[in-house]
1. Give the calculated FRET efficiency between E8 and C33 to the nearest 0.05, with a Förster radius of 25 Å applied to their Cβ-Cβ distance.
2. Just to confirm, what accessible area per residue do you get for the range 691-822 at 1.4 Å probe, in whole Å²?
3. Just order 340-346, 172-178 by mean Cβ neighbour count inside 10 Å, highest at the front, would you?
4. How far apart, in nanometres, would the label points at D26 and S762 be if each is projected 7 angstrom from Cα along the Cα-to-Cβ direction?
5. Can you pull a Stokes-Einstein diffusion coefficient for the range 352-400 at 20 °C (1.002 mPa s), Rh from Kirkwood over Cα pairs, as a whole number of µm²/s?
6. Which of K56/K79; K74/K151; K56/K78; K102/K151 have a Cα-Cα distance over 25 Å?
7. What is the Rg over Rh value, at two decimals, for the range 755-822, using alpha-carbon atoms and the Kirkwood definition of Rh?
8. Counting only the backbone N, which residues of the range 782-802 are under 15 Å from the spot 7 Å out from the Cα of S304 toward its beta-carbon?
Amino acid sequence: PIGEPEGEYQAACELAKANNDAAPSDRCMQKLCYLGMMALIDPPRPQVPDAVKRCKGAGIKVIMVTGDHPETAKAISKKVGIIWGETSDDIADRNEANGLTKGMPGWEDPDFAPAIVVPGWDISIDTPSEVWDDILSHPQCVFARTSPQQKLIIVENCQKRGHVVAVTGDGVNDSPALKKADIGIAMGIMGTDVSKEAADMILLDDNFASIVNGIESGRLIFDNLKKSIAYTLSSNIPEISPFLAFILVQIPLPLSTVLILLVDLGTDMVPAISMAWENAEADIMGRNPRDANVDRLVTLKLISFAYLQIGVIQALSGFYTYLTILNDYGFNPSVLPGLGAVDAWGKNTLLCKVRYGAWVNFEGQVCPCFVNPHENPAICGKVANVEWWTAESKRNLVISECQTAGYIYWDEDTSLSYVENGVGKRDPPATNEACAFPAKQLFGGASNPATGFNAFDFNTYWNPTNGGLYSGNSATTGQPTAESLEALRSRTCDTANDDGCLFYYEYLPYRSVMSQYYNMHWNAWPVSDSNVPGLGPNVDPSILFTYQPIGFYRLWETGPNVDRSTTMGHISDVMKVSTDESNPMRVTDAFYTGGYLDQTPVMPWITQNSLGNEVFEDLVKSNFEAFGKSDYTNAEVLEGVAAFQLARCGIPSAALNDQSKFFIPGLWAQIQAGSLTCDSGVSGDTLMLNVVSRESQRNALSNAQCGSFIGIIIVQWADLIICKTRWLSLRSQGMRNPIMNFALIFEVLLGATLCYVLAINSIGTRPLRFTHWFCAMPFSAAIIVYDEIRKYCMRQTSSITTDKISGRTVRNPGWLERFTYY
């Protein structure tokens, strides 16, 4: 029977009487019958144990803070896996049960227990820091019978030790801790309004497992941001390195600023955004929490990966594509350094020293003077018996005859054959040994053109009221002269080393002729046609003089009362200094009186349909005098005039076989390409300009720049794919991101559209040969192979273990992970 003891009942009656209260009922003295006992429990949700396990695997320490009794808290925490080891009380009880005391064999020190259950009455605001260090150093920790103030103290002490603290709660008592925590999480269903107001986040389903899912999502977002940044940064190196090469090596600019913008704002945009849809890596919840002070979005390791590893491979891809395309169009890499030093590529005529190879016409036929000269006496009569293979000086003689006959293109892919001492031989492979632009060493004294300036009327180039000759901006814009061209073309051979005697020839590679961009009308282009840059009726003078000049000035005067030796010196002296741009010839009004603009067939060829015989006659005489020939006859002058008249329509003349009498050898050949005839569409006063050289340069460079642009797209394919994972192999991740798959196709289609839609080509793109798309593919494959090997070695050199005491997954990074895992 159960009931109140009689003594307790009497004491209660006396107390009630003293307080003037009613006496207790006497029923409490009656016997009771025990029917049973009922207990209430608030069990953890079924998902919690698994969520706690995932937290431990992710290196997250779960601490239970409750108002329940310590024994209750201990039991629940063991059930969900927050505590699975022994507490100090458990060890002490075992020692006592075994009769063991300190110092005896088998005795265990309770202070080394992995788990601890701290009742609220053991902690306060005055608890020493050393005690907190001991409590929080336990990997398994539970606080019981805690008040709202004690919960706040627990959060503060965790934060003091550098932890990022997330607190969950649903009651008013939890509000201070929720407010203080780095992340306060209130329950959306059972939570009070006060707790929701204090929290940073509301858990809609009141499920602890949802918090773990949120941690995984946060890690995924951070991961994907890192990957997107790594992908985006890597393209900076192939974009910057062309400008560094342009400045340091002085090659023509491999990538234009417009194409860089197309990469950054066009082809890279969708792939970078697609990384937001990338799935989590399988090990994302097996990593330790990141150190917020060290592992930021952009780190030195990420920059090293993007710039010094992947970026370098991408830059090599861009340069390889650029050099390959230029080489395919006849501009081999060895001659490029220095050609970008002045603003001349694609604007001025290029001359090169070439060894071996063959000189061919527009149809690709080799000059007969190298094959069967005796069968072509009209062309090769003078060199029919020259053993051209024995010396470069003899080869140059044959080349001059070939150029005169219209064989003006150099074909490096053809080797000439010959018979020496009865033995058939063949030239070694052709080489292009050096290239140069004629020096721009003539600077006019006039700062602006005369009133009524006309680019096609050379008389208006002179402005005597403002410094004399106008040649563009007098401070920066120099003009090449006939002498600077002759200095390259008229090299004196070293007889002691005849094999090294190579002339600079106007460089017209046959590979460019065979390209998709070649236009045979470039051989005689009307200067009034603005489809070629720098020409046209409305071209600005400041732009006009930065391009290939319509005519060449000579640096000496021709007036009858001028002593040429005192003004400029002999022609040979002029030619010695004519390639020196550091010592320009400044032309003033007094100095240049009597000077003239040379319209003779000095490269480039110019013809003016309205010129009369008397004008041609003056030009022929001037050329005779320029080459020191003062005993010319009227017949020779008339012969030269006839040749000029025929040259207006591009019709070869027999007089040209002896053309060295009246203009520079070999240059006439420029007007022969394409078998030019009189163009009925050309009006009477139209000047015709040969723009083959500069247009070949310009279009070859545009194709090379476009190739570099496409090359970046190809290697960015690989870059995007390898950035899908930071640790695991690509095979484990797969290609299951549909947005990324779309982005890969999108950037290729966008690049192809920019290349092959002709209306868009004005931005600097060109219709590439299909084979040039493959130049960057080996580098793309190299990026994938390199990164897969790096990740494999990283996984092999780093060990992953599970701490039995804390239950945490611990990755011990190897040297490769420490230096390359971004």
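The values are calculated or read from the model by the stated rules, or taken from the named source; none is laboratory data. Please read these numbers as outputs of a predicted model, since none were measured by experiment. Glycine gets a Cβ as well: all are built from the backbone with ideal geometry, and neighbour counts include every protein chain shown. We work out accessible area using only protein heavy atoms, side chains counted, and drop any ligands, DNA or RNA first. Shrake-Rupley method; radii C 1.70, N 1.55, O 1.52, S 1.80 Å.
1. The formula returns an efficiency of 0.80 here.
2. Details: 5570 Å² over 132 residues.
Accessible surface, normalised per residue, equals 42 Å².
3. With the highest mean Cβ count within 10 Å placed first, the list reads 172-178, 340-346.
4. 11.6 nm
5. It diffuses with D of about 191 µm²/s by this estimate.
6. K102/K151, as the Cα separations exceed 25 Å there.
7. Values: Rg = 22.6 Å, Rh = 16.1 Å.
Ratio of gyration radius to Kirkwood radius for the range 755-822: 1.40.
8. Inside the label zone: 790-791, 794.
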